[in-house]
1. Write down Rg/Rh for the range 190-325, rounded to two decimals, with Rg from the C-alpha atoms and Rh from the Kirkwood relation over Cα pairs.
2. Quick one: length gained pulling Arg250 to Arg275 fully straight, 0.36 nm per residue minus the C-alpha distance?
3. Using a 1.4 angstrom probe on the protein heavy atoms only, line up Glu131, Glu22, Glu60 by accessible area, largest first.
4. Within the set of other residues whose C-beta is less than 14 Å from the C-beta of Thr15, count the net charge using Lys and Arg as +1 and Asp and Glu as -1.
5. Taking amide H positions as placed 1.01 Å from N in the peptide plane, with prolines and chain starts having none, which residues 5 or more places from Gly117, or on another chain, fall under 5 Å of its amide H?
6. What does the extension gain come out to for Leu184 and Glu288, with contour length at 0.36 nm per residue minus their alpha carbon separation?
7. Among Met208, Val224, Thr254, whose Cα sits farthest toward the positive end of the charge dipole of the range 194-265 (+1 at Cβ of Lys/Arg, -1 at Cβ of Asp/Glu, about the Cα centre)?
8. Just the accessible area for His210, please: 1.4 Å probe, Å², rounded to the nearest 10?
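The values are calculated or read from the model by the stated rules, or taken from the named source; none is laboratory data. On a predicted model such as this, the values are computed, not experimentally measured, just so you know. Cβ coordinates were reconstructed from backbone atoms using ideal geometry, including for glycine residues, and neighbour counts include every protein chain displayed. Please note that ligands, DNA and RNA were not included when accessible areas were found on the heavy atoms of the full protein model with its side chains. Shrake-Rupley method; radii C 1.70, N 1.55, O 1.52, S 1.80 Å.
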Amino acid sequence: MSAVATVQPRAMRDTLLLSLYEAMLLDRNIFLVTADFGSPVMDKIRADIPDRVINVGIAEQNLINVSAGLALEGFKVFAYAIAPFITMRCFEQIRVNLALLSEVRPMNVNLIGVGAGYSYVVSGPTHQCYEDLTVMRALPNMRIYSPADQMMAAVLPARCLASNGPKYLRLDAQVLPVLYPETLPDMECGFHRHREGEKICLLATGYMVHTALKAADALAATGVSVGIIDLFDLCGFVEEQLQTALSSYRGVVTMEEGFRGRGGLDAMMFDYIVRRGLDIRMLNIGVEGGYRFELGERHVLHEHVGIGVGSVTEKVRAFLQSLPA
């Protein structure tokens with residue numbers, strides 16, 4: 001039996017909350033605050049540690065206000081809600097009470113957003129989240145973690161507890177295949193190279209790492225070898241190491257489950273390439289067009305907006321042909 005098969009499939013939020021539960025049993029300075037959002041693991045935390053779980057109701061602005069108040073009193077806080085609501089509904093409170101205030105007072109507040117990208121496939125664009133990377137990247141001291149599987153999500157609480165400052169943890173709502181069943185990548189590095197390649201590297205985050213792996217398999221079947229990098233720490237990756245990892249490629253393809261050309265992963269990498277003076281061409285793959293109201297399976301919705309496996313494979317093939325020999 002393979003190592004992957006021995007890992008019980010779970011949603012990211014469950015593995016993260018289980019790790020947080022264990023930390024809360026040992027550290028009475030940790031609080032969990034939720035905006036009327038739960039899960040079976042949340043029920044366990046509430047039952048066993050009721051004095052440090054607060055439900056503010058469907059009021060994300062208050063979620064941030066209460067979390068900031070607790071942090072100012074020296075507590076370490078995890079605020080938990082649906083991804084589009086914890087990033088956009090309360091953005092002013094995040095900006096003023098967390099990003100600004102944390103510049104002058106030590107604070108440790110960690111925003112857990114569940115439902116990145118198209119996670120909530122049947123809920124439509126109100127509950128889907130294509131803008132969170134753009135919005136949270138606008139805050140210069142916001143750390144952003146974007147895990148691609150449950151194993152990486154499980155280690156995020158310990159990493160967040162080790163340092164002050166506001167952080168955003170963007171979690172997928174669906175149960176995804178395990179990418180790191182035995183050994184996690186170097187969290188200090190901020191990214192992990194899954195595969196080597198010849199001319200092109202696919203640089204993806206979150207769910208799109210899985211799409212990158214499938215697209216790479218499809219390309220390999222036709223004799224095309226591409227590299228794959230999982231960028232999970234969007235603000236704290238080691239720039240020198242990423243430059244070394246990209247140095248052998250002629251092109252890099254960014255892949256995000258968010259709007260293309262609207263300030264997300266692609267904008268971050270365009271800036272990185274220019275600042276570092278890299279001699280590398282870039283193709284940015286993201287959600288094309290505006291909001292869509294179709295319902296269906298995730299892979300089908302992804303093909304509609306240009307980020308499905310088939311779409312990615314064809315775009316990468318065309319990009320490869322455009323590169324100088």
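1. So for the range 190-325, dividing Rg by the Kirkwood Rh gives 0.95.
2. Result for the pair: 7.3 nm of gain on full extension.
3. I get Glu22, Glu131, Glu60, largest accessible area first.
4. Local charge sum for Thr15: 0.
5. Here Cys129 satisfy the definition.
6. 34.2 nm
7. It is Val224.
8. 20
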